[in-house]
Amino acid sequence: MPDSLGHRLKYAVIAPSTNTSVQPEYDDMRPRGVTNHFQRIAIPDTKVTDDESFMVMLQNIRDATMDSVDVAMTMDPACVVMGMSAETFWDGADGAERLTQRMLERTNGVPVVMGSTAVDAALKAYGGIKKIGVITPYMPVGDNQVRKFFEDLGYEVTQVKGLKSPSPMLIAHETPQTLKRAAEEVSEGADAVVQCGTNLAFAKVAAMAEFWLEKPVVAINTATYWHALRSMGVADKIDGFGSLLLEH
């Protein structure tokens with residue numbers, strides 16, 4: 001007999017303990033019969049003021065990720081979803097591929113979905129997107145890695161707007177107005193807007209931004225959950241989160 005609540009799919013979602021946006025956004029997108037089971041990567045809410053302190057925060061995540069994956073696997077998920085962003089972009093497309101392979105080794109072949117490659121899949125689903133403007137909560141060292149990833153895949157990154165959020169937890173405190181202004185800023189000259197950083201609560205802002213910008217606006221949480229659904233054969237159309245979940 002299947003799981004009584006997750007009779008279609010059970011997802012294990014791996015996210016930093018400081019992250020308060022991934023879980024509510026994923027749960028709002030969840031179709032009936034699909035369940036999300038969060039395992040936290042235990043990290044302190046360190047201050048982030050420059051590239052050096054950003055790297056300290058990232059190393060905290062790296063040090064604790066695989067232990068969290070091991071715990072999550074005990075509930076026998078059909079798929080593991082990485083509800084984290086920066087590490088999935090690190091060292092460009094090759095780095096993303098290496099991380100995917102390390103994850104698959106840890107999950108014993110259970111499928112893994114990551115934000116970086118999910119955003120690429122989303123952009124390809126729209127078709128014809130060559131130039132992107134990007135929003136992140138990162139310091140410049142993180143922005144440069146995001147730029148490298150997309151350029152490795154052949155996109156022209158017209159602009160990266162790093163918000164320089166002062167701690168991993170405080171990323172979630174960036175206001176909808178701040179995110180709106182950032183989307184407007186990076187949309188100039190771009191075919192689409194892409195947002196990275198899973199603790200930015202951007203999913204519903206992105207849906208609204210598509211209306212006034214009249215171009216795709218891809219929130220990383222929306223793209224990752226969409227890719228997790230579609231790659232596992234769930235084709236349900238979800239309203240309220242923009243064209244990706246509704247039309248693709």
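Here are a few things to note about the model shown:
- Flag if F241 is outside the structural domain of V146 (by the TED database), closer than 22 Å to N36 by Cβ, in contact with a helix residue (DSSP H, G or I) (Cβ under 7 Å, 6 or more places away or on another chain) and among the aromatic types (F, W, Y): yes
- With a requirement of 2 or more residues that are open to solvent by 30 Å² or more (accessible area, probe 1.4 Å), the strands (runs of 3 or more DSSP E) lying completely within the range 1-98 that satisfy it span 34-41.
- All positions within the range 101-152 that are open to solvent by less than 70 Å² (accessible area, probe 1.4 Å), more than 19 Å from V217 (Cβ to Cβ) and of a type outside the set (V, I, T): M103, L104, G109, P111, M114, M139, P140, G142, Q145
- Any hit, the range 42-62, residues being of a type outside the set (V, I, T) and within 22 Å of L229 (Cα to Cα): no
- Residue check for N60: out of contact with any helix residue (DSSP H, G or I) (no Cβ under 6 Å at 6 or more places or on another chain) and polar (S, T, N, Q): yes
- Condition check for P16: assigned by the TED database to the domain that holds L229, out of contact with any Gly (no Cβ under 6 Å at 6 or more places or on another chain) and closer than 29 Å to T175 by Cβ: yes
- Selection from the range 206-216 of residues that are open to solvent by 10 Å² or more (accessible area, probe 1.4 Å) and not basic (K, R): A207, M208, E210, F211, W212, L213, E214, P216
- Within the range 188-204, the set of residues being open to solvent by 10 Å² or more (accessible area, probe 1.4 Å) and either at pLDDT below 95 or not in a loop (DSSP other than H, G, I, E, B) (or both) comprises just one member, K204.
- Residue ID - surrounded by the most Cβ atoms within 10 Å (Cβ to Cβ), chosen from residues in the range 217-241 that are among the small types (G, A, S) and farther than 19 Å from V13 by Cβ: G240
The values are calculated or read from the model by the stated rules, or taken from the named source; none is laboratory data. Because the structure is a prediction, the values reported are computed rather than measured. Note that each Cβ is placed from the backbone with ideal geometry, even for glycine, and that neighbours are counted across all protein chains shown. For accessibility, only protein heavy atoms count, side chains too; no ligands or nucleic acids. Shrake-Rupley method; radii C 1.70, N 1.55, O 1.52, S 1.80 Å.
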